[in-house]
Amino acid sequence: MRALKWPKYLMFDHRATPVKTFSRFTHKYQTGASMLEVLIAILIMSFGISGAALLMAATMQYNKTSQYQMVALQIATQLAETMRANTDGFMADAYVKTNTYSSNLAPIPVPSCANAAACSSTEIGSIDKAQIANTLRLALPGGDFNVQRNGTRADIWIMWVEPSTTASMALGSANCRAAAISANGERPRCLYIRAAL
């Protein structure tokens, strides 16, 4: 019987060095990240960075809105105290202001008294109203106000325009006096307070 002779390519040489295999499951020989892993990491980081940027922008907007609300509250309180100091002028409707809102209002000229030595309560009310209106125009963007007298109580609306934003704010036009907002005009932010004199 003749011995089988195996072809050389099928023969195993035990003296040969073993071949190193590079497998994705063998971490012994892996020396870096693949291009796909790097791209996925960049994609995840870009989502995180864009989310942080949007959060920072929203935080800045909410801080500005809070600042406007604080200024509006201070001016409304100042107006209420001014009316308390001049109750005769308030009862004579010298502080009543019921115009339709517009952010493009020019500064109001401050009237003077007919008799500089003795101003009447109505003249003081007109002066106070002009000074508050001009203060609002300087302190708030598009600042304006409305006042209505209801017996011995004053309904005060402070109005302003905020930069446009997609986020809904805590205050909106819902607090505004309906007659102060035109049907197709600007939608201001409003702060409403009622002051008892």
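The values are calculated or read from the model by the stated rules, or taken from the named source; none is laboratory data. Remember, it's a predicted structure, so these values are computed and weren't measured experimentally. Neighbour counts run over all protein chains shown; Cβ positions are idealised from the backbone, glycine included.
Apart from one condition, Ile127 fits all of (1) outside any loop (DSSP other than H, G, I, E, B); (2) in contact with a Cys (Cβ under 7 Å, 6 or more places away or on another chain); the exception is (2). Counting residues in the stretch 158-172 that are surrounded by fewer than 17 Cβ atoms within 10 Å (Cβ to Cβ), modelled with pLDDT of 85 or more and closer than 26 Å to Ala94 by Cβ gives zero. Look at (1) over 17 Å from Ala195 (Cα atoms); (2) at pLDDT 95 or above and you find that Ile75 fails only one, number (1). When restricted to residues that are closer than 13 Å to Ala76 by Cβ and not acidic (Asp, Glu), the stretch 137-155 contains 7. For the stretch 71-105, filtered to residues that are buried (at least 21 other Cβ atoms within 10 Å of the Cβ) and free of Cβ contacts under 8 Å to residues at least 40 places away in the same chain, the residue that is farthest from Ile158 (Cα to Cα) is Gly89.
Scanning the stretch 106-138 for residues that are loosely packed, with under 13 Cβ neighbours inside 10 Å and touching a Lys or Arg at 6+ places or on another chain (Cβ under 8 Å) gives a single hit, Pro107.
Among the criteria (1) modelled with pLDDT under 90; (2) within 26 Å of the chain's Cα centre (by Cα), the one Ser23 does not fulfil is (2). So Gly151 passes all but one of these: (1) on the phi > 0 side of the Ramachandran plot; (2) at pLDDT 95 or above. Which condition number does it fail? Gly151 satisfies every listed condition except (2). Looking at this structure, is Ala58 part of a helix (DSSP H, G or I), of a type in the set (Gly, Ala, Ser) and farther than 18 Å from Ile124 by Cα? When the stated conditions are applied, Ala58 passes them. Filter the stretch 96-106 down to the residues that are of a type outside the set (Ser, Thr, Tyr) and modelled with pLDDT of 85 or more and list them by number. The answer is Val96, Lys97, Asn99. The residues listed here are Pro141, Pro188; of these, the one that is buried (at least 17 other Cβ atoms within 10 Å of the Cβ) and either at pLDDT 90 or above or within 18 Å of Gln67 (Cα to Cα) (or both) is Pro188.
Selection over the stretch 38-65 of residues that are within 17 Å of Cys190 (Cα to Cα) and surrounded by 12 or more Cβ atoms within 10 Å (Cβ to Cβ) gives a count of 4.
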